[in-house]
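K.L.:
Attaching a single structure in structure tokens format; questions to follow.
Bear in mind these aren't lab numbers, they're just calculated from the coordinates by the rules spelled out. These numbers were taken from a predicted model, which means no experiment stands behind them. Because the Cβ atoms are built from the backbone with ideal geometry, glycine has one as well, and the counts that use them run over all protein chains shown.
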Amino acid sequence: MARYVVIGGGIVGLATAHRITLDRPGAEVTVLEKEPRLAAHQTGHNSGVIHAGVYYRPGSLKAELCRAGSRSMVEFCAENGIPVQRCGKLIVATDEAELPRLRALHERALANRLPVRLLTPAEAAEYEPAMRCVEALRVESTGIVDFTEVCVALAALAEKSGARIRLGARVTGIASRRSGPAGAPELVVNSTAGEVVADVLVNCAGLHADRVARLAGVVPPARIIPFRGEYYELRPERRDLVRGLIYPVPDPQFPFLGVHLTRMIDGSVHAGPNAVLALAREGYSWGRINPREVADLVGYPGLWRLARRHGRYGLTEVRRSLSRRRFASSLARLVPELTERDLVPSAAGVRAQAIAPDGSLVDDFLIVDADRQVHVLNAPSPAATSSLEIAKHIVARLPR
């Protein structure tokens, strides 16, 4: 029976390990996670939204896997006793100039076969009385969950089926060899927790996925660029201003959805995120700077081309990052009663966004095959929503 090593203990890596144990009973599966806990980065720092698949190009992997994932994730949570809620969300146009984009989004959602409808201001107020808009798009199939709890369940199921999960196991080298003079080829993965020998490798390393690919001898077609998303929470006494999820109409040039308001599964309300270039791959604050990684960013032509193309947008995000007043002003376009006094800082996240050498943002999931290897090189949002379906997609293409 084949031996599999999965690098990365976030939701995509754990879902993949679990899927291997389901589809290939008896397989030897090892998960290597460099942190001392699971879901330590993107998975554990997101907004907990189960996306419906509104934003993604029809026929793309994001569109297909997100739509399927929004169903399978809810089913998985129900089967495993994880609190989940189908609350729906509103995407709102706050002025007339945004209406063409909102209506184009409505058409895209219909093309993606999603249950959506346009609402008048009065109809939208039935869902969110404190919100103001000129028109809104209601997306019924959006939900909320704690994806860290999903990871705990996936890990338990995988281990119950025989998988091994090694924490504190940062991968330091990957090599190919033959098991004897005329033996079959195998992969040797060295880590800070020891060596793992496998027949097949799956790279789900998120913020470090391109680096792991290079360790394995694969030249990634894009570079991971870290963007920090900063959040605030509403003070408990102001949470009643938001009943569910309120999003602005996004700019289609960017993969970021704009600062929005999200009621979490625990009842708290988060505001954000913005999107600023992080100065480390795990740069959760302005003070977290990794000089080597900054030099790597500065030396990448794709980043400079991206900056020339979208520098004004980036400057706006930096200003919002440095000013709670600006952040609150963006939210007040959605809910006018909100002020900066209603916001308290919350934990930030870092998005692993792949950027092509020409400066374009990779806008779909990017999964690359190599000899006995699969590398997930772009899996930002909606990867958590889609994780169970991404896992099926990966395992279907793995050699046995």
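K.L.:
Can you give the calculated 222 nm mean residue ellipticity of the chain, where each DSSP H run of n ≥ 4 adds -39,500 (n - 2.57) and the sum is split over every residue, rounded to the nearest 500 deg cm²/dmol?
P.N.:
So the helix-based figure for the chain works out to -10000 deg cm²/dmol.
K.L.:
Expressed as a fraction of 2.2 N^0.38 Å, the rule-of-thumb size for a compact globular protein of N residues, what is the C-alpha radius of gyration of segment 223-302?
P.N.:
Working: Rg = 15.8 Å, N = 80, 2.2 N^0.38 = 11.6 Å.
Normalised Cα radius of gyration, segment 223-302: 1.36.
K.L.:
Viscosity 0.692 mPa s, temperature 37 °C: Stokes-Einstein D of segment 106-204 from its Kirkwood Cα radius, in µm² per second? Present the calculation step by step, with values, prior to reporting the outcome.
P.N.:
On the way: Rh = 19.0 Å.
Value of D from the Cα-based Kirkwood radius: 173 µm²/s.
K.L.:
Which of T43, T16 has the fewest other C-beta atoms within 10 Å, and how do the rest follow up to the most?
P.N.:
On the way: T43 24, T16 30.
So the ranking, lowest neighbour count to highest, is T43, T16.
K.L.:
From the Cα gyration tensor of segment 61-146, with a ≥ b ≥ c the square roots of its eigenvalues, which class applies: rounded if a/c is under 1.5, or else prolate if a/b is larger than b/c, or else oblate? Please report the intermediate quantities before stating the final value.
P.N.:
Values: a/c = 3.19, a/b = 1.58, b/c = 2.02.
Oblate, since a/c reaches 1.5 and b/c is not below a/b.
K.L.:
Using Cα springs under 10 Å in a Gaussian network model of the chain, which residue among Q42, Q85, Q353 shows the largest mean-square fluctuation?
P.N.:
Q85
K.L.:
On to the next question. Suppose we keep just the DSSP beta bridges with both residues in the chain; what percent of those would be antiparallel, to 5? All intermediate terms of the calculation are to be shown ahead of the outcome.
P.N.:
Working: 51 of 70 bridges.
The antiparallel fraction comes to roughly 75 percent.
K.L.:
HN-Hα J couplings of segment 143-149 from phi, Karplus 6.51/-1.76/1.60, θ = phi - 60°, integer Hz, Gly and Pro as x?
P.N.:
These are the phi-based 3J(HN,Hα) values: x, 9, 6, 9, 5, 5, 4 Hz.
K.L.:
Looking at the calculated P(r) for the chain, what percent of the C-alpha pair distances fall above 37 Å? Don't skip to the answer; put the middle values down first.
P.N.:
Working: 16970 of 79800 pairs.
Summing the P(r) of the chain above 37 Å gives 21 percent of all pairs.
K.L.:
What's the tally of Lys pairs in the chain whose alpha-carbon atoms lie under 23 angstrom apart, where the two lysines are 8 or more places apart or on different chains? Present the calculation step by step, with values, prior to reporting the outcome.
P.N.:
On the way: K34/K160; K62/K89; K62/K392; K160/K392.
Lysine pairs, 8 or more places apart or on different chains, close enough: 4.
K.L.:
What does the extension gain come out to for A122 and R177, with contour length at 0.36 nm per residue minus their alpha carbon separation? Provide the component values of the computation, followed by the final result.
P.N.:
Numbers: separation 55, 0.36 × 55 = 19.80 nm, distance 6.67 nm.
Between A122 and R177, full extension yields an extra 13.1 nm.
K.L.:
May I ask for the Rg/Rh ratio of segment 278-399, computed from Cα atoms with Rh as the Kirkwood radius, given to two decimals? Spell out each step's value before the answer.
P.N.:
Working: Rg = 18.2 Å, Rh = 17.4 Å.
Expressed as Rg/Rh, it is 1.04.
K.L.:
What number results when the radius of gyration of segment 89-138, computed over Cα atoms, is divided by 2.2 N^0.38 Å?
P.N.:
On the way: Rg = 10.4 Å, N = 50, 2.2 N^0.38 = 9.7 Å.
Cα-based Rg divided by the globular estimate yields 1.07.
K.L.:
Return a whole-number percent for the relative contact order of the chain, with Cα pairs under 8 Å and 6 or more residues apart as the contact set.
P.N.:
Working: 894 pairs, mean separation 92.7, N = 400.
Reported relative contact order: 23 percent.
K.L.:
Now a separate question. How far is the Cα center of segment 219-277 from the Cα center of segment 63-78, in Å?
P.N.:
Going from one Cα centre to the other spans 21 Å.
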